[in-house]
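J.: Structure incoming, see below.
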Amino acid sequence: MKRNFKNLPTGLRLMQDPTLNKGTAFSDAERDALGLRGLVPPHVQSIDDQVKRFLITYQKRSTDLERYIDLSSLQDRNETLYYHIITKNIVEMMPLIYTPTVGLACQRFGQIFRRSHGMYLSAKDRGHIAKVLSNWPRKDIRVIVVTDGERILGLGDLGANGMGIPIGKLALYTACAGIHPTQCLPVAIDVGTNNQALLDDPLYLGLHQRRVTGEAYDALVDEFVTAAAEAFPKALIQFEDFANHNAFRFLHKYRNRICTFNDDIQGTASVALAGIYSALRITGGRLRDQRLLFFGAGEAGTGVGELMVTALMADGLTEAEARKACWFVDSKGLVVKSRTDLTEQKRPFAQDHEPLKDPLAMIEALKPTALIGASGQPGTFTQAIIEATTRNAGRPIIFALSNPTSKAECTAAQAYAWSGGEAIFASGSPFAPVELNGKRFVPGQGNNAYIFPGVGLGILASGSRLVTDEMFLTAARRLAELVTETDLAKGRIYPSLKQIRDVSLSIAVAVARVAERSGLATETLPDDVRGAIKQLMYEPNYVSLV
Ligand code: NAI
């Protein structure tokens, strides 16, 4: 994206603008021309020197939360340096700016809050949302990530403290896919919280009231969607960490009206499907021969299930056959036809089977080849379950997708140990490599950070009017194709995060082509789509302001 440096602020105002600030790296010419002389120490530092200086304190921190605070303070001061550092150190820093540390940061949000970032729209703003949005200083917004804080990771209702999630996700849009930070807008819709501990906490920064629900809640979200689409007509709106009952409703309500998707449902589905495709390259199995047992039939679980059905049908099965391959367990047991308590999302997956509550009995009865955990319940994949699955499947696919780390259905070490090294394992939050019987296993991180930045970039580049399931299916295939034989030899079913910008670019190209083919693109794609999209990507380096 070309920047326009006309009407630059000068002096302290320039230094207080995190997008333009370079701190000690302002050149002599910039210091002379922009009224900065005397406001910064005389020695002009390079960005590399600034990185070194930042890392001295950062590396001495004793906790991840302190490192998170260092990083967000840097983001508030100097975005170029912040993105330069996290882009270069994405493997180490993604777990800080995103899961798992962001979960803790949200839980402590009221204590660690330094400076506002993004927009808070509260129930008090009802009737005036357009006016409030007009306070945002930037107009060319391309990606909005919005949460109402009701289901933050697997941590539940954190109210306005959930703002850490949109901030973190948008930081990944920039770091992983080069969407310019000025084009990103984090939004928290604060309708209150039912989390009593927060309501009792005088330092809680959100509305001290119980959640607004029903028509008033829907009207507020609707007002936001309408006002945002009006104020930022080119923006993609990503719904994030809404509670299950609202997430599906809003997806269905808005997906054919505006450019929107729900990452918990669709992004997770895409990354999980990519993981299955890669895992099958290790086991040599075919997708259509798999029997998948999902623990968790919520946003993430049924989202994966629906995309899996699409993928299975693309592999030659009928819809009925595809659904027969996907079995679900929720908090009440196996999802079967005789149950009368099933929600709309679960019903298409209800199977003709006797009700079962004991997970081990399910494994023996169904003989799954893959266990997909999206239950938010740690310890769900017990030793007995993993042993039984391995006995039946030989090389089981085991995905513990629940976030943060504390909620994973099992750890990487458990999956490898209990399967005798046979499991092909991935988790939502990162686990370190595991040594077992002299062999090193590298667990994959089945986190949608592999998917949404690239999908967003593809949408932005093509100007797609809508976001479709085909885009997520295509993204999954593309991601799986990028896994090398060397990755697979280590048991790694996703590319290294070090390549995330290339991965996002490849996904963006594929998604932009889907948009064009589907007649949804509003931008004309040139012959060299990849080159053109690469040109759009923000590189976090200083550019001369004079
Ligand atoms: P949700 O609340 O929509 O669904 C949770 C589901 O788990 C419900 O169906 C519930 O009945 C079921 N459940 C509860 N206890 C269970 C048990 N003991 N056994 C089997 N099922 C049980 O929540 P959502 O949005 O689906 O998220 C679930 C988890 O997945 C969270 O921890 C979340 O952080 C994680 N997630 C991970 C992502 C990733 O990229 N890896 C993306 C999205 C969500």
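The values are calculated or read from the model by the stated rules, or taken from the named source; none is laboratory data. In this text, all values refer to a predicted model and were calculated from it rather than measured experimentally. Note that we place each Cβ from the backbone using ideal geometry, even for glycine, and neighbour counts take in every protein chain shown. Ligands, DNA and RNA are excluded from the accessible area calculation, which covers all protein heavy atoms including side chains. Shrake-Rupley method; radii C 1.70, N 1.55, O 1.52, S 1.80 Å.
J.: Helix 469-481 versus the longest principal axis of the chain: what is the Cα-based angle in degrees, 0 to 90, to the nearest 10?
T.: With both axes taken from Cα atoms, the answer is about 90 degrees.
J.: Any idea how far the Cα center of segment 229-307 sits from the one of segment 77-106, in Å?
T.: Using only Cα atoms to place each centre, the spacing works out to 24 Å.
J.: Related question: Whole-Hz ³J(HN,Hα) for each residue in segment 442-457, computed from phi via Karplus 6.51 cos²θ - 1.76 cosθ + 1.60 with θ = phi - 60°, x for glycine and proline: what do you get?
T.: 10, x, x, 9, x, 10, 5, 4, 6, 10, 4, x, x, 4, x, 5
J.: Under the 0.36 nm per residue contour assumption, what length would be gained going from the current alpha-carbon distance of GLU230 and THR318 to full extension?
T.: 27.6 nm
J.: Ok, one more. Which of LYS6/LYS131; LYS124/LYS332; LYS60/LYS139; LYS88/LYS407; LYS367/LYS439; LYS139/LYS407 have a Cα-Cα distance over 31 Å?
T.: The pairs that break the limit, which is 31 Å between Cα atoms, are LYS124/LYS332; LYS60/LYS139; LYS139/LYS407.
J.: To continue, here is another question. Name all residues of segment 516-545 having a backbone nitrogen under 18 Å from the label point set 7 Å from the Cα of SER46 along its Cα→Cβ direction, giving them as ranges.
T.: 540-544
J.: Per DSSP helix of 4 or more residues, -39500 (n - 2.57); summed, then divided by the residues of the chain. What does that give at 222 nm, rounded to the nearest 500?
T.: Rounded to the nearest 500, the figure is -13000 deg cm²/dmol.
J.: Multiply the residue gap between GLU92 and THR10 by 0.36 nm, knock off their C-alpha separation, and tell me the result in nm, one decimal place.
T.: Going from the current span to full extension adds 26.0 nm.
J.: Can you give the % of DSSP beta bridges in the chain that are antiparallel, to the nearest 5?
T.: Restricted to the chain, the bridges split so that about 10 percent are antiparallel.
J.: Taking the C-alpha atoms of segment 1-81, how large are the radius of gyration and the largest Cα-Cα span, Dmax, in Å?
T.: 14.1, 43
J.: Something else about it: Provide, for q = 0.12, 0.16 Å⁻¹, the log10 of I(q)/I(0) from a solvent-free Debye sum over equal Cα point scatterers in segment 1-160.
T.: Listed by q, the Debye log ratios stand at -0.69, -1.13.
J.: Kindly identify segment 424-529 as rounded, prolate or oblate by the Cα gyration tensor criterion: order the square roots of the eigenvalues as a ≥ b ≥ c, call it rounded if a/c is under 1.5, otherwise compare a/b with b/c, prolate if a/b is larger, else oblate.
T.: Note, shape of segment 424-529 comes out prolate.
J.: Compare the peptides 115-122, 266-273 by average per-residue count of other Cβ atoms within 10 angstrom and give them in order, highest first.
T.: 266-273, 115-122
J.: So if we plug the beta-carbon distance of ASP76 and HIS252 into 1/(1 + (r/R0)^6) with R0 = 30 Å, what FRET efficiency do we get, rounded to 0.05?
T.: So the FRET efficiency works out to roughly 0.20.
J.: Taking each pair of distinct Cα atoms in segment 459-512 once, what is the resulting Kirkwood hydrodynamic radius in Å?
T.: Its Kirkwood hydrodynamic radius stands at 11.9 Å.
J.: Then there is this: Given a 1.4 Å probe, how much area per residue of the chain is accessible, in Å²?
T.: It amounts to 40 Å² per residue over the chain.
J.: Take the Cβ-Cβ distance between ASP64 and ASP201 as r, set R0 to 22 Å, and report the resulting FRET efficiency rounded to the nearest 0.05.
T.: The value I calculate is 0.50.
J.: Dividing the alpha-carbon Rg of segment 132-210 by 2.2 N^0.38 Å yields what?
T.: Normalised by 2.2 N^0.38 Å, the Cα Rg of segment 132-210 equals 1.21.
J.: Let me ask something additional. Would you please give the FRET efficiency between ALA33 and ASP469, computed as 1/(1 + (r/R0)^6) with r the Cβ-Cβ distance and R0 = 56 Å, to the nearest 0.05?
T.: 0.65
J.: Mind running the shape call on segment 435-494? Use the C-alpha gyration tensor, a ≥ b ≥ c as the square roots of the eigenvalues: rounded below 1.5 for a/c, prolate if a/b tops b/c, oblate otherwise.
T.: prolate
J.: Semi-axes, largest first, in whole Å: what does sqrt of 5 times each Cα gyration tensor eigenvalue give for segment 262-366?
T.: 22, 16, 13
J.: Computed over the Cα atoms of segment 211-268, what is the convex hull's projected area averaged over all directions, in nm²?
T.: Taking the Cα atoms of segment 211-268, their convex hull projects to 4.0 nm² on average.
J.: With label points built 7 Å along Cα→Cβ from the Cα atoms of GLN535 and ARG126, find their separation and express it in nm.
T.: 4.8 nm
J.: Debye calculation, C-alpha points only, no solvent: report log10 I(q)/I(0) for segment 71-149 at q = 0.15, 0.20 Å⁻¹, in the same order as the q values.
T.: -0.73, -1.17
J.: On the first, second and third principal axes, largest extent first, how far apart are the outermost C-alpha atoms of the chain in Å?
T.: That gives 76, 57, 52 Å along the principal axes, largest extent first.
J.: For segment 454-546, what's the relative contact order in percent, using C-alpha pairs closer than 8 Å and at least 6 residues apart?
T.: Dividing the mean separation by the residue count of segment 454-546 yields 43 percent.
J.: With contacts defined as alpha carbon pairs under 8 Å and 6 or more residues apart, what's the relative contact order of the chain in percent?
T.: Averaging sequence separation for qualifying contacts and normalising by length gives 14 percent for the chain.
J.: Right, next: Using only the Cα atoms, work out Rg/Rh for segment 158-253, with Rh taken as the Kirkwood radius, to two decimals.
T.: 0.99
J.: Taking 8 Å as the Cα distance limit and 6 or more residues as the minimum spacing, I'd like the relative contact order of segment 156-199 as a percentage.
T.: With pairs under 8 Å counted, the relative contact order is 57 percent.
J.: What number does segment 89-243 give for Rg over Rh if you use C-alpha atoms and the Kirkwood radius?
T.: Dividing the radius of gyration by the Kirkwood radius yields 0.95.
J.: Treating each Cα of segment 404-446 as an identical point scatterer and ignoring solvent, apply the Debye formula and state log10 I(q)/I(0) at q = 0.33 Å⁻¹.
T.: Result of the Debye calculation: -1.29.
J.: Something else: Under 1.5 on a/c is rounded, so check that first for segment 191-233, then, if it is not, pick prolate when a/b is larger than b/c and oblate when it is not; a ≥ b ≥ c are the square roots of the alpha carbon gyration tensor eigenvalues.
T.: Because a/c hits 1.5 or more and a/b fails to exceed b/c, segment 191-233 counts as oblate.
J.: Continuing with the same structure: In nm, to one decimal, how far is the modelled label at ALA219 from the one at THR486, with both set 7 Å along Cα→Cβ?
T.: Here the modelled spin labels are 6.0 nm apart.
J.: What is the extension gain from ARG53 to LYS139, computed as 0.36 nm multiplied by their sequence separation minus the C-alpha to C-alpha distance, in nm to one decimal?
T.: Residue separation times 0.36 nm, minus the Cα-Cα distance, leaves 27.6 nm.
J.: Give, to the nearest whole percent, the P(r) tail of segment 346-474 beyond 17 angstrom, counting all Cα pairs.
T.: 64 percent
J.: As I understand it, the value is the acute angle between the Cα axis of helix 268-283 and the longest principal axis of the Cα atoms of the chain; what does it come to in degrees, rounded to 10?
T.: Long axis of 268-283 versus the principal axis of the chain: about 60 degrees.
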